[in-house]
Every structure is written in C-alpha cells, then in structure tokens.
Amino acid sequence: MDHMKMDRAGLADFLRRSRERLRPQEAGLVTGPRRRTPGLRREEVAQLAGVSADYVMRLEQARSSQPSVQLVVALARALRLTEDETQHLHLLAGHHPPERARAGDAVRPALRYLLDRLGDTPAQLVTDLGDLLAQNDLAEALFGCVCTIEEPDRNIVWRWFTDPGVRAAYPAEEHDSHGRAHVADLRAAATRRGYDRASRALIERLDATGPEFATLWQRHEVAVRHNSRFRVLHPAVGAVEFDFEMLQTQAADQRVRLFTPPPGSASVAALELLRVVGPETAHRSHR
C-alpha cells in the first residue's frame, strides 16, 4: 500500500509548467500559424492522456483527488517527460517512482573508466543478479578473473554454490553467512524484477545444484548487500580484511562493488603488496 503524501501545489505547478514548455510539434500535434497559447492546451494534454480536460484543469488548480499510478504514467507520456521528470511526477502525486531503465550486460565507457581510475581499490561492476561484468586490475588480483569465462558461469552466486575453489578464498566459518547473503540478495533482486525470465532461469539453475541453495531459498530471507566487513584469504598476501560498499549506478540493474581495507589496519599494507604481485597470484580456480 502506498503511504506517500501527495504534493497538490507542487503537482499543479509542475504539470502546468511542463505543459507550457512542450511545443505542439514535439507532441505530434499539427497547429495553425495563429496559435498564441504557449505549449499545449489543457484540452490537448487531456486528449493525449486519455482523460477529461476538466480533470487536467483541476489537477493544475490543486483541486483534484490523488491521480492513480496509471494516470500519472499517461500524463508523463502525454507531456513527453524525461525519466527524471517522470520520477519527480510520481513523487509529487504521492506514488513511488518507477524503476529506472536496465542496462543488461552493457558496460558504459564511463563506468569502465571509473573502475580503471580506482587503482588503489578493488572494484567490480555487477548486475543485480550477480553477473560480473567488469573489474579493475586490483580486483582481479584479489579475486581472480571470472569476467572472461563463459557467460553462464560468470555469475557470483552460481560460482559460490558450484565451485569449491571460490569458497577457498573465504574463511570456512564465514561460508554460511556468505551463502545466506548471496541468496537473500538474489531474492530481493528477483522480486524487484517481478521474477522475470533472467531471474527465474538463474534460480532454477541454482535450485538444481543441490539441497544447500534450496534450503536457504526456503528461508525467504531478503537483504540487499549494501555494506559489510569480511575477509579474503589470498595465497600470496594472506588474510585481507575489507569493508564492502555497494553503489547504485544510473541503471536499475547494475552495481559498483568497492572493497576498501579498514584505515590503519594490516590489510592496508597487504593490499599494497597485492598491487605489486599482481593477478597471477590469485586463486587458480578464479582465473
């Protein structure tokens, strides 16, 4: 249930100004040479949105009831609003904004540049389902390269439940918490996606791996992995402790994962050494 508060005055002002900014030809309308109205007329917005002109007038005069989500979507389409403007319109109307567009496995050049510029910090770009799309050199030195192997096997959750070598990089006493975190995060992502084809296919593959995943999935735990602290057992530099941060990108389905050592800890020196020894020392199963 939606409990957000509608901003009638803000909604009225934004709708009116958006209508006045939109030129008729941008909305696909043909007009005569004597047109004096700036932007669109209320009647034209109403026609494009499939509502009455009287309701558009009441919205612009802050006298209307709360518009439904479907009506907000129709108004945004009629006014040719951008993604940011559409999100703003939903919030003014008292609704949660729609999810941002997805990028799939396309890596924007700006994100690739960002990963490479973070030379002192292991950084990865992953999808919300756990597909590793890209990582910088230090992340490869830490975890090994799993982004250039076959596409079905580049998924972090899949590899956790199917590749014992991946688990060898983490202390045994933390395996249970890592597995639960993977599954809880996947549950949240699948629900956000409405259990689309990609999420259902991954869950079905994981379910066939054995009882461990199935048991964790039945717990119905939900927790997006925003931040945490964990250790990595590296064959060349030993145990390294990291603070993990997950940053949202512009796309709804991509995340940047950062791994930073706690300030002043021995892990700072270990990470410096890792920069020298390079990715050839990573766990063999990861390469």
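The values are calculated or read from the model by the stated rules, or taken from the named source; none is laboratory data. Since we're looking at a predicted model, the values are computed, not measured. Neighbour counts are summed over all protein chains in view; Cβ atoms, including those assigned to glycine, are modelled from backbone coordinates with ideal geometry. For the accessible areas, the whole protein counts, side chains as well, though only heavy atoms, and no ligand, DNA or RNA atoms are used. Shrake-Rupley method; radii C 1.70, N 1.55, O 1.52, S 1.80 Å.
Quick notes on this structure:
- Net charge contributed by nearby residues that have their C-beta within less than 11 Å of Leu111 (K/R +1, D/E -1): +3
- Computed on the Cα trace of the stretch 150-287, the radius of gyration divided by the Kirkwood hydrodynamic radius gives Rg/Rh = 0.98.
- Annotation: per residue accessible area for the stretch 1-141 equals 56 Å², rounded to a whole number [probe 1.4 Å, protein chains only].
- Toward the positive end of the charge dipole of the chain, with +1 on the Cβ of Lys and Arg and -1 on the Cβ of Asp and Glu, the farthest Cα among Pro24, Gln248, Phe14 is that of Pro24.
- Solvent-accessible area assigned to carbon and sulfur over the stretch 120-279 amounts to 52 percent, based on a 1.4 Å probe.
- Take the Cα of Arg63, step 7 Å toward its Cβ, do the same at Arg36, and the gap between the two points is 2.4 nm.
- Nitroxide proxy distance, nm - points 7 Å out along Cα→Cβ at Thr215 and Asp116: 4.6 nm
- Taking θ as phi - 60° and the Karplus parameters 6.51, -1.76 and 1.60, the scalar couplings of the stretch 97-114 work out to x, x, 5, 5, 4, 8, 10, x, 9, 7, 9, 5, x, 5, 6, 4, 5, 4 Hz in sequence order, x denoting glycine and proline.
- Solvent-accessible heavy-atom area per residue, rounded to whole Å², over the stretch 184-267 at 1.4 Å: 51 Å²
- Cα gyration tensor shape for the stretch 70-223, rounded if a/c is under 1.5, else prolate or oblate: oblate
- Compactness ratio for the stretch 34-134: Cα radius of gyration over 2.2 N^0.38 Å (N = residue count) comes to 1.60.
- The Cα atoms of the chain define a convex hull whose projected area, averaged across directions, is 19.4 nm².
- Separation of the stretch 202-223 from the stretch 80-101 is 34 Å, based on Cα centroids.
- Compared with the dominant Cα axis of the chain, that is its longest principal axis, helix 197-207 is turned about 30°.
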